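Trainee: One structure, pasted below without further comment.
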Amino acid sequence: MVFAALITDSFIKRSYTIGGSMKRTRNLLKTTRCSWAAESDLLKQYHDEEWGIPVHDDKKHFEMLILEGAQAGINWLTILKKRENYRRLFRGFNPNQVAKMSDEELGGCLKDEGIIRNRLKVYSVRKNAIAFIDIQREFGSFDQYIWKFVGNQQIVNESGATSGLPSETEESRKISKDLKKRGMTFVGSKIIYAYMQAVGLVNGHSVNCFRYHDCLSFRKNTEEKQTHEYEGGCLCDETTYIAKGEPINPHLCSCTMCQKSSGAPTVAWVEFSLKEFKWTGSQPNLYRSSEKTLRCSCKKCGGLLGTLNDGYENVCITISTLRNPSLIVPSKQHSYKENAPSWWVPKILNKSINQLNTGIHLQSNQCVKNQKNERKSGL
């Protein structure tokens, strides 16, 4: 009984997963937390399970941006107690759904005592969601955008205590300035630094905290296993997806099936491994368009998203449904090119990503000229 009374909270929580020798037990008995986490069990749980772990999920990034902004002038424990209410009112922090919230819906949020009822903060959630989506479209994902500010490597606190950490840094000032330029509010430099610590851009744990080295391990694993992530969805954002890993075989196709399904003379496709692909919104409508092919489309807007082929380990996605289509340039491969109209001759395949938009514009003008010439010649 005396021995049990001496065991720390962190030992009780972790001993059943770590176990091991008596030497390791003695080490665990000495573990401590960052001082700010001692105030309540809720803070302890947040500190032990979330704070400082590198985040690579866009929805989690959005959630923490909003919660850190709501914290301005208020202590973090208050926000944690209201966290589930924020999730309930703001569509589970789905930026695509939050961006579509009406003034009436936001006004209803102001009447809910479960959140901080500050008009500017509440309306900033929708405004920030719109800017968040724009960033996703430009960079492929918010995660790719935000980690570039720290060189894709976690900044490590080498101080002996969290009390010695700055309230803002050069990196937080740069991020704050850029987010404000893109239209976000409640993203001041100090708020952003708190966000950076929360999502693991910074390991803010004191060096004697038992989570300090855990987060270093997460950092190492993240660096070793870092993969590209692509997000996309249909026109109405009802059906969305996330694909990880390297894109496979980006190419063009002008087969009759693609033309009829998409309404376009040519479709740009890219493949991803099914193991690294998941639908994040509503499940798509599946239509068997051939003996071995299922077409995936949105049940709401009808937009074509891709195909699933029986016995094939990859999913085929239309490049145009990606948040940032310019991140993937089709190869020179053009399946069933002979089916393409005579005026449709893609000329952008040898251009770099930076030239892509210009190439599309020039090609569009050339297509118009080709169509006019065909009409004059009676074709």
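The values are calculated or read from the model by the stated rules, or taken from the named source; none is laboratory data. Just so you know, these numbers come straight off a predicted model, no measurement behind them. Positions of Cβ are backbone-derived with ideal geometry, glycine not excepted, and every protein chain shown enters the neighbour counts.
Trainee: Out of (1) within 22 Å of the chain's Cα centre (by Cα); (2) surrounded by 15 or more Cβ atoms within 10 Å (Cβ to Cβ); (3) assigned to a strand (DSSP E or B), the odd one out for G281 is which?
Mentor: (3)
Residue-by-condition table, conditions (1) of a type in the set (G, A, S); (2) crowded, with 20+ Cβ neighbours inside 10 Å:
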| residue | (1), (2) |
| --- | --- |
| K60 | no, no |
| L67 | no, yes |
| G73 | yes, no |
| W76 | no, no |
| K81 | no, no |
| E105 | no, no |
| G108 | yes, no |
| E113 | no, no |
| R117 | no, no |
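Trainee: While we're here: State all residues of the range 28-48 that are more than 21 Å from Y193 (Cβ to Cβ) and either modelled with pLDDT of 90 or more or of a type in the set (V, I, T) (or both); if no residue qualifies, say none.
Mentor: Matches in the range 28-48: T31, T32, S40, D41, L42, K44, Q45, D48.
Trainee: So, in the range 309-351, of the ones that are modelled with pLDDT of 85 or more and within 19 Å of the chain's Cα centre (by Cα), which residue ends up surrounded by the fewest Cβ atoms within 10 Å (Cβ to Cβ)?
Mentor: The residue in question is S320.
Trainee: Please pick out the residue among R126, R91, R119 that is farther than 22 Å from Q197 by Cα, in contact with a Leu (Cβ under 9 Å, 6 or more places away or on another chain) and without any contact (Cβ under 8 Å) to a residue 12 or more places away in the chain.
Mentor: Result: R119 is the single residue among R126, R91, R119 that is farther than 22 Å from Q197 by Cα, in contact with a Leu (Cβ under 9 Å, 6 or more places away or on another chain) and without any contact (Cβ under 8 Å) to a residue 12 or more places away in the chain.
Trainee: Right, here's the next one. Do we find a residue being in a loop (DSSP other than H, G, I, E, B), at pLDDT below 90 and surrounded by 18 or more Cβ atoms within 10 Å (Cβ to Cβ) anywhere in the range 126-145?
Mentor: Yes, because at least one residue in the range 126-145 is in a loop (DSSP other than H, G, I, E, B), at pLDDT below 90 and surrounded by 18 or more Cβ atoms within 10 Å (Cβ to Cβ).
Trainee: Separate question: Please list, ordered by first then second residue, the pairs with beta carbon atoms under 6 Å, 6 or more apart or interchain, first in the range 239-257 and under 14 Å from S320 (Cβ atoms) and aromatic (F, W, Y), second buried (at least 21 other Cβ atoms within 10 Å of the Cβ) and at pLDDT 85 or above.
Mentor: Cβ pairs passing all conditions: Y241/G232.
Trainee: If I ask for residues that are within 14 Å of the chain's Cα centre (by Cα), of a type in the set (F, W, Y) and either modelled with pLDDT of 90 or more or surrounded by fewer than 21 Cβ atoms within 10 Å (Cβ to Cβ) (or both), which ones from the range 225-272 would you list?
Mentor: Selection gives Y241 alone.
Trainee: For S167, state whether it is over 16 Å from I66 (Cβ atoms), part of a loop (DSSP other than H, G, I, E, B) and free of Cβ contacts under 8 Å to residues at least 40 places away in the same chain.
Mentor: yes
Trainee: Here's another thing I want to ask about it. Report every pair of residues separated by at least 6 positions or lying on different chains whose Cβ atoms are under 8 Å apart, first residue within the range 148-161 and on the phi > 0 side of the Ramachandran plot, second at pLDDT below 85.
Mentor: Partner pairs satisfying both residue conditions: N152/E223; N152/Q226.
Trainee: Any residue in the range 261-277 that's within 16 Å of E229 (Cβ to Cβ) and touching a residue at least 40 places away in the same chain (Cβ under 8 Å): show its pairings with residues that are polar (S, T, N, Q) and surrounded by fewer than 21 Cβ atoms within 10 Å (Cβ to Cβ) at Cβ separation under 6 Å, as long as the two are six or more apart or on different chains.
Mentor: Correct list of pairs: E271/N249; E271/N314; S273/N314.
Trainee: Kindly indicate the residue of the range 82-119 that is assigned to a loop (DSSP other than H, G, I, E, B) and among the polar types (S, T, N, Q) and also farthest from the chain's Cα centre (by Cα) among those meeting that condition.
Mentor: N118
Trainee: Still on this structure, please answer the following. Considering each residue of the range 300-332, count those that are within 20 Å of S261 (Cα to Cα), in contact with a strand residue (DSSP E or B) (Cβ under 7 Å, 6 or more places away or on another chain) and part of a loop (DSSP other than H, G, I, E, B), and give that number.
Mentor: Selection size over the range 300-332: 2.
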